[in-house]
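What follows is a set of notes on a single structure, which appears directly below.
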Number of protein chains: 2
Amino acid sequence: LRKAAIIAVGSEMLGPLRQDSNSLWIGVRLEEIGTVVVRKAVIGDDIEAIAAELAVASAAADIVITTGGLGPTADDVTVAAAAKWTGLPLERSAAFVEEMRRRFELHGMRMPAVNEKQADFIVGARVLSNPRGTAPGFWMERGGKDTVILPGVPSEMKEIMTSSVLPELARKGGGVVSRRRVLRISGMGESAVEEIVAPVYTKWKDDPVTILAAPGEVQLHLCATGAPEAAQERLAAMEADFRAVLGARIYGTDEEDLPAVVGRLLREKGETLALAESCTGGMVASLLTDAPGSSNYFLGGIVSYADSAKKDWLGVSEETLSQRGAVSEEAAREMARGARSRFGAGMAAAVTGIAGPDGGTPDKPVGTVCFAVAGPGGRETVKRRRVPGDRAQVRRWASLFCLHLVRRQLLEEGSVD
Amino acid sequence: LRKAAIIAVGSEMLGPLRQDSNSLWIGVRLEEIGTVVVRKAVIGDDIEAIAAELAVASAAADIVITTGGLGPTADDVTVAAAAKWTGLPLERSAAFVEEMRRRFELHGMRMPAVNEKQADFIVGARVLSNPRGTAPGFWMERGGKDTVILPGVPSEMKEIMTSSVLPELARKGGGVVSRRRVLRISGMGESAVEEIVAPVYTKWKDDPVTILAAPGEVQLHLCATGAPEAAQERLAAMEADFRAVLGARIYGTDEEDLPAVVGRLLREKGETLALAESCTGGMVASLLTDAPGSSNYFLGGIVSYADSAKKDWLGVSEETLSQRGAVSEEAAREMARGARSRFGAGMAAAVTGIAGPDGGTPDKPVGTVCFAVAGPGGRETVKRRRVPGDRAQVRRWASLFCLHLVRRQLLEEGSVD
């Protein structure tokens, strides 16, 4: 596999206020064409520092990509640094100055004199045209290695990468690609997933499989590298093996998150949903309505934060509140039933719990959360869980577990342990 | 100011799945003691690559801090790389092997043989004890420059930085510090804020003032560097100047966000709040209930996604819905009034709009959002805005603008333009 190094140029990214995000995007794209990133750096707007990093990066990698420092102002010095490092001279392109001037005039503006600097081309480098901005990129080939100089504005960088850089690097890489698949599992912890997949893990030990714990879910990241068809086949075989042991515990793949999956299932089944939330305080509703078109299946919800709201709006009984408490399986069940009947929904889900940091008791410590789903035909799921973590983690986990229970009931697969 | 370079070691941080977050934290802490970060790098678990980066970093900076690669496994090679770069030998500390063994036994475990490697100390380097883990850090002084080797586990790295590294670096820096203040402004765009602060900006042009646009707010980051008292005084003077022109447009400082400020005001005034949300789908409620203790002032909310919910739950009139539409100032006003009376709250706020991507009309394009706040004594605020951006941006902005209107009404400063 060819090795790549990424250099993000800009003093502002060395302070606490702005982070480099370009190199993550570039890294993902390079990986897709079977390239492995061996170093990343953020360097200030300083000719010596950029030239030094170009030298180190070029010694370590076959491909060096820089992003940033191509602007018109005095502190934009990446081109000067590249010229210094290579020993190649700069030459101002009169044709390009004219082209920039025309572009400004097209927008009814006069080109500032400083912009002329962006026409200083590295002699011997290929110019990469920038359809979205004035600063062009450059491509230099030396000793079998490629150095690509790109602007820092994300939209400009991505456009040049996609249209000019990646196709050519892919050709040079001999058509090797990497294919990724993320399998997403809800309602289980990382170790429970690991136990189930252990034999499959062993079978595919030569391929990178990564297990990641995210809030409320576990992700398996599968990756296969090779010729496009072979990589695709290998990835499909890996996925099939993991699916064989995990089954419906996998709720979705790649970018599809749990709220989107629940929305898709509700739409497919022509079902409608209402919510009654206490400790999650509207987060479940907010997650569901993130998805466009959610008004097709989501009728609405009650954030019944005060006990009086649980009684008045949802019909939770005085007896349940006084004898079992607002955080109880019974209260959750009555909240779900109340929301279902009052919204006239096919299904309703309820969450009530103690998110903390205060409000815990020996009986119901912070993190105690009760869930209920009420569906058609009197079908109901009721769960109680002790969720670890701080307030934000409890709320997030509880919101996703609520959606997990809705999904499981929609799949009519029996209740979840 | 002394210059620093940060090196994050670990091949996993070069892939798309795990990001280096340590160097951001380290950078902020270094800045506070008047140090400026001049380069950051992420390097894989490779002796040559780490040694090469140590050389480059040390040439560029007075202080080099590495984090990661101190674990017990074969791919943890930062110590070996530091030894290689300096030419200093490694020597296994029998005493430290014993200490590790005792620590494992305290937790009822046997120390794995691989862990002995963590007792390989760099001869001539100072050992930095790690109260939270087995891997110690190292401090090397050579030619007036400091190289600090730290573990990658964030809690361990932060502990050693805070207890051992930062105090000593601060002493070496001659007591120069940087002090920061963030002024947060809601309900205005970046250019409107810039126009107001332009004269103050000019006055403090020698000090770094950064204006940042965040979703739903604009932030002014002020920074002053010098001896502690002088820096503090200078920062206070800067803040006073900006406050003089911005006044109550500044809703909070530093970490205090808008939901927290609204919560504090509600508590201070003994007021209660209820919500009626349509396009924001529970996001306003979710933001408010992120704050611990929000049950003291937040009674609850209705996510009235379907029109029937707006009628049944909030009493929005048939006439308003059919003649003005669910997205109208009138509907927002009726939603707020309905939520206020039905929750028995002192104040209620309502949001109704078209978050997109579908549902727009020539009259009410995507991004049209109406807001209302109903308060004691019949006091009401009603607003209509056209919000730019995609669905997520419209929802986020509208949620924060709703809280902005609640704050303005709580301050009794008249309605906002």
Enumerate the aspartates and glutamates that A:K117 could reach by cross-link, defined here as Cα to Cα under 15 Å, with residues fewer than 8 away along the same chain left out. A:D75, A:D76, A:E91, A:E98, A:E99
With the dipole of chain B worked out from charges on the C-beta (+1 for Lys and Arg, -1 for Asp and Glu) around the Cα centre, which of B:S317, B:V261, B:G346 lies farthest toward the positive end? B:G346
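From other protein chains only, count the Cβ atoms within 10 Å of every residue's Cβ in A:35-45, then give the mean. Walk me through the intermediate numbers first.
Details: counts 0, 4, 7, 7, 10, 9, 10, 9, 5, 7, 0.
Per residue, the average neighbour count from other chains is 6.
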Inter-chain shielding metric for B:306-314, i.e. average beta-carbon neighbours from other chains within 10 angstrom, reads 4
If every Lys and Arg gets +1 and every Asp and Glu gets -1 at its Cβ, then about the Cα centre the range B:195-262 yields a dipole, in debye to the nearest 20, of 260 debye
May I ask you to derive the relative contact order of chain A, considering only C-alpha pairs under 8 Å and at least 6 residues apart, and to give it as an integer percent? 10 percent
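Which of the pairs B:K40/B:K84; A:K383/B:K269; A:K311/A:K383; B:K205/B:K383; A:K364/B:K311 have their Cα atoms more than 29 Å apart in this structure? Spell out each step's value before the answer.
Values: B:K40/B:K84 21 Å; A:K383/B:K269 39 Å; A:K311/A:K383 21 Å; B:K205/B:K383 37 Å; A:K364/B:K311 37 Å.
The pairs that break the limit, which is 29 Å between Cα atoms, are A:K383/B:K269; B:K205/B:K383; A:K364/B:K311.
Using 0.36 nm times the number of residues separating B:S308 and B:A240, minus their current alpha carbon distance, what extension gain do you get? Walk me through the numbers on the way to the answer.
Numbers: separation 68, 0.36 × 68 = 24.48 nm, distance 5.05 nm.
Taking B:S308 through B:A240 to full extension adds about 19.4 nm, to one decimal.
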Just to confirm the numbers: B:F104, label point 7 angstrom along the Cα-Cβ line, distances to the other copies in nm, shortest first? 6.9
Here the gain from full extension of A:K205 to A:D120, 0.36 nm per residue of separation minus their alpha-carbon distance, amounts to 25.6 nm
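Return one quarter of the surface area of the convex hull spanned by the alpha-carbon atoms of chain B, equal to its mean projected area, in nm².
On the way: hull surface 104.4 nm².
Mean projected area for chain B: 26.1 nm², to one decimal.
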Could you please rank B:S399, A:S191, placing first whichever residue has the fewest other Cβ atoms within 10 Å of its Cβ? A:S191, B:S399
FRET E, pair A:S341, A:N296, Förster distance 22 Å, beta-carbon r, rounded to 0.05: 0.55
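What is the fewest-to-most order of A:S278, B:S23 by other Cβ atoms lying within 10 Å of their Cβ? Please list the in-between numbers first.
Details: A:S278 31, B:S23 23.
Fewest-to-most ranking of A:S278, B:S23: B:S23, A:S278.
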Length-normalised contact order of the range A:310-417 in % [C-alpha pairs under 8 Å, at least 6 apart]: 21 percent
Shape call for the range A:148-234 from the C-alpha gyration tensor, a ≥ b ≥ c root eigenvalues: rounded (a/c under 1.5), prolate (a/b greater than b/c) or oblate? oblate
Modelled FRET efficiency - R0 22 Å, B:E318 with A:K269, Cβ distances, 0.05 increments: 0.10
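About the Cα centre of the range B:218-355, what is the dipole size in debye to 20, counting +1 per Lys and Arg Cβ and -1 per Asp and Glu Cβ, all else neutral?
On the way: 13 positive and 19 negative charges, 85 e Å.
The dipole magnitude comes to about 400 debye.
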Rg/Rg_ref, the range A:20-134, where Rg_ref = 2.2 N^0.38 Å and atoms are Cα: 1.18
Shortest first and in nm with one decimal, please list how far the A:G377 label point sits from its counterparts in the other copies (point 7 Å along Cα→Cβ). 5.9
Unit charges at the beta carbon, dipole of the range A:82-189: most positive-side option, A:A135, A:P89, A:S178: A:S178
How much of the pair distance distribution for the protein assembly as shown lies past 37 Å, counting alpha-carbon pairs only, in percent? 55 percent
Tell me, B:R18, B:R110, B:R340, A:R342 in order of fewest to most beta-carbon neighbours within 10 Å? B:R110, B:R18, A:R342, B:R340
Yeah, the range B:60-102 with a ≥ b ≥ c from its alpha-carbon gyration tensor (a/c under 1.5 is rounded, else prolate when a/b outruns b/c, oblate otherwise) is prolate
Measuring label to label, 7 Å along Cα→Cβ, what does B:P228 give against each other copy in nm, shortest first? 6.3
All lysines inside 19 Å of B:K172 as judged from Cα atoms, apart from same-chain residues fewer than 8 positions distant: B:K3, B:K145
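Within a 10 angstrom radius of each residue's Cβ in A:271-283, how many Cβ atoms of other chains show up on average? Whole number is fine. Mind dumping the intermediate values first?
Details: counts 0, 1, 1, 4, 3, 0, 7, 3, 2, 4, 14, 17, 7.
Other-chain Cβ atoms within 10 Å of each residue's Cβ, averaged: 5.
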Descending principal axes extents, the range B:215-266, alpha-carbon based, whole Å: 38, 22, 21
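About its Cα centre, how strong a charge dipole does the protein assembly as shown have in debye, to the nearest 20, once Lys and Arg get +1 and Asp and Glu get -1 at the Cβ? Show your work: numbers first, answer last.
Values: 100 positive and 108 negative charges, 140 e Å.
I would put it at about 680 debye.
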Zone of A:Q393's modelled label, taken as backbone nitrogen in the range A:358-383 under 14 Å from a point 7 Å along Cα→Cβ: A:366-368
Rounded to whole Å, how close does chain A get to the rotation axis onto B by Cβ? Give me the residue too, please? A:G282, 2
Pick out, in residue order, every one of the trypsin sites (Lys or Arg not before Pro) in the range A:163-260 that is DSSP loop and has at most 15 other C-beta atoms within 10 Å; say none if there are none. A:K205
Quickly work out the A:A192-to-B:E190 label distance, labels modelled 7 Å from Cα along the C-beta direction, and quote it in nm with one decimal. 4.5 nm
Give me the percent of DSSP beta bridges within the protein assembly as shown that run antiparallel, rounded to the nearest 5. 65 percent
So what's the gap between the Cα centers of the range A:81-150 and the range A:322-337, to the nearest angstrom? 67 Å
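Computed from the coordinates by the stated procedures, all read-outs in this text should not be read as laboratory data. Everything numeric here is computed off the predicted structure, so don't read it as measured data. Note that each Cβ is placed from the backbone with ideal geometry, even for glycine, and that neighbours are counted across all protein chains shown.
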